[in-house]
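Before any comments, here is the structure.
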Amino acid sequence: ENWGEEVINRHAFAVAVVVAMDTKMIGEAPTISEILESSRQYVEAAKIANIIAEYLRLAGYDARAHTDGNYETLCVPIAVDAGVGELGRMGLLMHRAYGPCVRLSVVTTDATLHPTQTRPLYMEEFCAICKKCADNCPTHSILQGEEPESRGCRHWSVNQETCYSFWKNIGTDCGLCIRSCPYTKPNTAMHKLVRFYISRNPLNQRIALFFDDLLYGRKVKIRSKNPANPWTHYR
């Protein structure tokens with residue numbers, strides 16, 4: 001009911017909260033497993049953000065938790081500025097360890113915080129050549145080309161109308177872009193090594209993409225129906 005109302009920004013600092021999703025549950029996208037895991041981690045991110053905000057208020061500062069369905073700021077740019085990742089082709093945060101397989105919340109505050117030191121992760125450069133999310137998007141809502149310009153800056157974004165219309169048609173979130181991303185892998189020693197390898201130079205990125213296509217395929221296979229027990233991966 002607050003759509004269109006002016007947002008008054010009174011806070012100069014923010015804390016980005018990133019919660020990883022279970023890659024096996026997201027690997028079932030676009031079935032009910034994906035929306036269960038997505039919703040579960042949105043709740044976890046909201047719990048953490050509200051605890052941080054209350055802690056800051058108890059310390060005498062003003063603070064607000066920005067959570068799913070209750071945002072007055074943009075989580076992805078704040079998370080990028082906090083140094084936890086970069087903006088990906090699909091318009092989501094590409095976390096340095098978990099790729100787009102995360103859910104976000106933010107706490108803004110008038111407390112003076114020490115900004116996180118950032119370093120280049122070269123994930124945007126990998127997104128420029130990968131295009132797996134765009135190839136696997138059933139509605140072609142993700143661009144294949146370069147970043148378009150919007151509101152004075154160049155950045156990737158998706159066609160929100162066609163993307164969300166597909167969600168409504170299938171009765172659940174889609175998540176195929178997150179599932180197909182080469183960064184959506186368990187945070188094992190091997191995948192940590194690959195992510196470090198990718199960050200070294202453009203040639204390594206192309207070699208890593210070649211082997212990702214070879215081992216995991218270019219197009220993901222989609223289930224024809226929901227799994228009998230979507231909670232199996234938690235056991």
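The values are calculated or read from the model by the stated rules, or taken from the named source; none is laboratory data. Bear in mind that the values here come from a model prediction, so they are computed numbers and not experimental data. Cβ placement follows ideal geometry from the backbone for every residue including glycine, while neighbour counts extend to all protein chains displayed. Side chains included, ligands, DNA and RNA excluded: accessible areas come from the protein's heavy atoms. Shrake-Rupley method; radii C 1.70, N 1.55, O 1.52, S 1.80 Å.
Points worth noting:
- Among (1) open to solvent by 70 Å² or more (accessible area, probe 1.4 Å); (2) of a type outside the set (S, T, N, Q); (3) in contact with a Cys (Cβ under 7 Å, 6 or more places away or on another chain), the one test that Cys177 misses: (1)
- So Glu149, is it surrounded by 14 or more Cβ atoms within 10 Å (Cβ to Cβ) and closer than 22 Å to Leu74 by Cβ: no
- Yes/no for Glu37 being within 10 Å of Cys101 (Cβ to Cβ), among the charged types (D, E, K, R) and buried (at least 21 other Cβ atoms within 10 Å of the Cβ): yes
- One residue stands out in the stretch 95-117 among those that are of a type in the set (A, V, I, L, M, F, W, C) and farther than 22 Å from Asp22 by Cα: the one that is surrounded by the fewest Cβ atoms within 10 Å (Cβ to Cβ), namely Leu113.
- Looking only at residues of the stretch 218-233 that are open to solvent by 90 Å² or more (accessible area, probe 1.4 Å) and over 12 Å from Gly27 (Cα atoms), we find that the one that is modelled with the lowest pLDDT is Trp231.
- Answer residue from the stretch 187-217, given it is part of a loop (DSSP other than H, G, I, E, B) and surrounded by 13 or more Cβ atoms within 10 Å (Cβ to Cβ) and is modelled with the lowest pLDDT among those: Ser199
- Positions within the stretch 165-186 being touching a residue at least 60 places away in the same chain (Cβ under 8 Å), more than 20 Å from Leu143 (Cα to Cα) and not in a helix (DSSP H, G or I), in sequence order: Thr172, Lys185, Pro186
- Of residues in the stretch 74-94 being open to solvent by 20 Å² or more (accessible area, probe 1.4 Å) and not hydrophobic (A, V, I, L, M, F, W, C), the one nearest to the chain's Cα centre (by Cα): Gly91
- Candidates Tyr42, Tyr71: the one that is of a type outside the set (A, V, I, L, M) and open to solvent by 80 Å² or more (accessible area, probe 1.4 Å) is Tyr71.
- For the stretch 16-23, the criterion of being of a type in the set (A, V, I, L, M) and surrounded by fewer than 21 Cβ atoms within 10 Å (Cβ to Cβ) is met by at least one residue.
- Yes/no for Arg57 being open to solvent by 50 Å² or more (accessible area, probe 1.4 Å) and without any contact (Cβ under 8 Å) to a residue 40 or more places away in the chain: yes
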